[in-house]
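Everything below concerns the one structure shown next.
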Amino acid sequence: RGYRGNAGANVQIALQENFESSIGPVDLNNDGDTADPGEHAGWIGGTLSSEALTVQQHSLKVTNGNASRAITDAYAQDKTYLVSFLAKGQAGMALSVQIGAISLGTVRLTPSWQTFSLGPATAAAANPALTFTGSGTFFIDEVILKAVVDTVYLVKNSWDIPLECDTL
């Protein structure tokens, strides 16, 4: 019998980002150099910021635009994704999140950090990008993208439950 979805917590972490790992040396803003302060490896758009929920940590600051990161997964097509993240921004500003061309959802921000969980959404192509888009200044942190493993097959009556554990 096949069991489908995340009902059994059958998920894998596709991306986990807290913006504390190494910065550079890639040219993320396409200006011809790799030494700009605030460039963070893997992300296009935004700059590293000391604005964070925890003292001496960082987040990604995005002003009037979007920030995205490619998900390196040649088998991403038809996988279902869930995303959770911390965000804050101008009160009432809409922040949209996409995986490839598919929307995970839109949230309304406040000036205080909030945790958001969006999805599920199924990617339509391999190697999609996770994209955050807003019309003002916003900050994101603690981004976790989970891929739901589609189907697990189990063989009926293949597991013996000891009598002392069987309380029914």
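Here are the numbers:
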quantity: Assigned charges on the beta-carbon of Lys, Arg, Asp, Glu; region 87-166 dipole about Cα centre (debye); calculated: 500 debye
quantity: Accessible surface of region 83-126 [probe 1.4 Å, protein heavy atoms]: carbon and sulfur percent; calculated: 53 percent
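The values are calculated or read from the model by the stated rules, or taken from the named source; none is laboratory data. As the structure is a prediction and not an experimental result, all values here were calculated from the model. Methodologically, a virtual Cβ is constructed for each residue, glycine included, from the backbone with ideal geometry; neighbour enumeration extends over all protein chains shown. Areas reflect the complete protein model, heavy atoms only, side chains present, ligands, DNA and RNA absent. Shrake-Rupley method; radii C 1.70, N 1.55, O 1.52, S 1.80 Å.
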